[in-house]
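Below: one structure, written as structure tokens.
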Amino acid sequence: MAIVELKNVTYKYPLTDTPVLKNINAQVNEGEFVAVIGPNGAGKSTLCYTVAGFVPHFFKGEITGAVEVAGSESSKSNLHEWVLNVGLAFQNPFNQISGAKYTVFEEIAFGLENIGVPREEMIQRVNDAMKLTGISELADRSPYSLSGGQQQRVALTSILVMRPKVLVLDEPTSQMDPIGTREVFGVIRALAEKGMTVILAEHKVEWIANFADRVVALHEGEIIADGKPSDVLTSDLLAEKGFGLSRYTSVARKAKAMGMWQKERLPVTLDEAVEGFTLTLPSPKGRGE
Amino acid sequence: MNIEISNLHFAYPTGVQALRGISLTIESGEQVAIVGQNGAGKTTLVKHLNGLLQPTSGTVQIGDWNTKEHSVAKMARRVGYVFQNPDDQLFSKNVGIEVAFGPRNLGMNAEQVQRQVNEALAMTELSDKTETNPYDLSATWRKMVALASVIAMDTDIVIFDEPTTGQDAANIARIANVIKVLRERGKTVITITHDIDFCGENFARVIAMSQGRILLDGKANDVLGQEDVLATTYVDPPQLTRLGKRLGFKETVRNEEEFLAGLKK
């Protein structure tokens, strides 16, 4: 069942002439994990803001079409109601951290305070959420004394603690090292497996290939591909449009042109690449080793 | 202009030992990538190269200058530093003025300044944006302005801290091209990066750091092939290096060209 539905959505920021989103039609089913890819400027963040209600409620501008989440329509709702359904973690955690709190613990409790959650429950939920994202040891630090990667985790935790129906993440690991990235994607995957609906804007294609149920490709404000990761991430159209794809896909595409990739479908992951290229290589014994 | 670092130790005022005995020579014109987990000491190390940080013990020598004996302002003639976050370094009302600030500050005459600015803008594909306020540009292009403003200073040594963070494929290709042009001009380029594929494709020498020490230092293929050692500082080898290994290639490969050559063998 669709929990998020975008019907013919077109949007322009205030004082601009060109729409950033053009005729977007998409549905996300309950429990689905959808990745949104595209070059910078393609409209990924704007799409995240739109699902999360910041467009148009906060950014204003001109929107046509309809955005529905769990049966209510964005233009007919208030942002403070809307955020109970949809949680958004911003790309830049600086833009999200309230600046009103001295500790990470209080920062994460901020949203719960605003909706009047009882104190005992609030403490419990904050502790649980921090444990989930592995930041319990940061509880007493100032949000501003943290590294970019740590701040991103605080921003993510402060959304998770609200238990939204839909989680929207705008490049949640852009400032993290590989280990941080791995841990955060592990958390997101665990949430998705528990049935959370996740919309993730992301450049890191190898993670998407392994985790997402579906990939939506945005280019200049339009959806140009929407389907299974293995189809979308290997499509020639995306390669032509300059999308960042996995090295396995790019090298196999070149190898195919040289007659050294025999399978119909190009690989996205390491395992698929190993499987496909093994067909090209002579058997290890035949290589004279 | 060689960089000579000998037995460098550094402790932050909090007592954290960030560098624990680094000795290193980087020769003029080398292209070096520094990799390793957050907290390994990468940024602390490069901040010693232009005197932003001073050794607790040991020495850092840039050509014939010991960084202890010269101001950061003077070190800026030899070492350019592009910060990870462009917003930490941009402040002018338009791109042209921003990029001219560095060379003008170094005392170049108007003609030299103009030449440096034009070249740096051409290299970063910003020539049509000289009149634009940097903060009206997207984060992608602000990154290029930050690159241009340092390149325009024409220093022998250029440092990039995480140049590809948050960049898309098209801009990563532009940044790779900037590094290539700098190499052709004989500049020394030192880059901190978590983007290991970018590292494999653009750098001949790789240094892996862990807990304030150098773990590995050598030719990119030799370093990137050591999967087990790299794992201790949470670095995975590049995708194509891993693929080559899984396919049983005898030699370590680190880019498409080497991989395709390996496939033909």
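Add +1 for every Lys or Arg and -1 for every Asp or Glu among the other residues with Cβ under 13 Å from the Cβ of B:GLY218, and state the total. Can you show the working numbers first?
On the way: positive: B:ARG205, B:LYS219, B:ARG254; negative: B:GLU30, B:ASP217, B:ASP222.
Every neighbour counted, the sum reads 0.
What fraction of the DSSP beta bridges in chain A is antiparallel, stated in percent and rounded to the nearest 5? Among the beta bridges of chain A, antiparallel pairing accounts for roughly 55 percent. Amide H contacts of B:LEU52: none lie under 5 Å away among residues 5 or more positions distant or on a separate chain (H built 1.01 Å from N in the peptide plane; Pro and chain starts excluded).
For trypsin sites (Lys or Arg not before Pro), the sites in segment A:178-207 that DSSP calls loop and that have at most 15 other Cβ atoms within 10 Å are A:LYS194.
Across segment B:256-265, rounded Karplus estimates of 3J(HN,Hα) from the backbone phi angles (6.51 cos²θ - 1.76 cosθ + 1.60, θ = phi - 60°) give 4, 4, 5, 5, 5, 5, x, 5, 6, 5 Hz, Gly and Pro being marked x. Note on B:VAL229 and B:SER6: the model spin-label points, each 7 Å out from Cα along the C-beta direction, lie 2.4 nm apart. Shape class of chain A from the Cα gyration tensor (axes a ≥ b ≥ c, square roots of the eigenvalues): oblate, since a/c reaches 1.5 or more and a/b does not exceed b/c. Bridgeable aspartates and glutamates around A:LYS194 (alpha carbons under 19 Å apart, same-chain partners fewer than 8 residues away excluded): A:GLU30, A:GLU32, A:ASP128, A:GLU183, A:ASP213. Here the label points at B:LYS74 and A:LYS131, each 7 Å from Cα along the C-beta direction, are separated by 5.8 nm in the simple model. Residues whose amide H lies under 5 Å from that of B:LEU215, counting only those 5 or more places away or on a different chain, are B:ALA208, B:MET209, B:SER210; hydrogens are built 1.01 Å from N in the peptide plane. Mean sequence separation of contacting Cα pairs (under 8 Å, at least six apart), scaled by the length of chain B, corresponds to a relative contact order of 23 percent. For A:LEU200, nonlocal amide neighbours, meaning residues 5 or more places apart or on other chains whose placed amide H falls under 5 Å from its own, are A:VAL34, A:ALA35, A:VAL36, A:LEU169.
Quick one, what does Rg over Rh come out to for segment B:11-111 if you take C-alpha atoms and the Kirkwood Rh? Please list the in-between numbers first.
Values: Rg = 15.7 Å, Rh = 15.8 Å.
Radius of gyration over Kirkwood radius for segment B:11-111 works out to 0.99.
For segment A:212-246 and segment A:56-113, compute the distance between their C-alpha centroids and round to whole Å. Result: 27 Å between the Cα centres.
Convex hull volume of the C-alpha atoms in segment B:112-211, normalised per residue: 113 Å³.
Just subtract the alpha-carbon distance of A:GLU275 and A:GLU81 from 0.36 nm times their residue separation and send over the number in nm, one decimal. Could the numbers behind the result be given before it?
On the way: separation 194, 0.36 × 194 = 69.84 nm, distance 4.93 nm.
Stretched out fully, the A:GLU275 to A:GLU81 stretch lengthens by 64.9 nm.
Dividing the C-alpha radius of gyration of segment B:57-136 by 2.2 N^0.38 Å, with N its residue count, gives 1.29. A crude spin-label estimate for the pair B:GLU251 and B:GLU27, with each label 7 Å from Cα along the Cβ direction, gives 2.1 nm. Each residue of segment A:185-197 was assigned a 3J(HN,Hα) from its phi angle through the Karplus expression (A = 6.51, B = -1.76, C = 1.60, θ = phi - 60°), giving 5, x, 5, 5, 5, 4, 5, 5, 5, 7, x, 5, 7 Hz with x at Gly and Pro. Estimated from helical segments only, the mean residue ellipticity of chain A at 222 nm is -11000 deg cm²/dmol, where each DSSP H run of four or more residues counts as -39500 (n - 2.57).
For segment B:113-125, 3J(HN,Hα) computed residue by residue from phi via the Karplus equation (6.51, -1.76, 1.60; θ = phi - 60°) reads 4, 4, 5, 4, 4, 4, 5, 5, 5, 5, 5, 9, 6 Hz, glycine and proline entered as x.
Bear in mind that the values in this text are calculations on the coordinates, not laboratory data. Note that this is a predicted model, so its numbers are computed, not measured. Here Cβ is always computed from backbone atoms with ideal geometry, including for glycine, and neighbour counts include all displayed protein chains.
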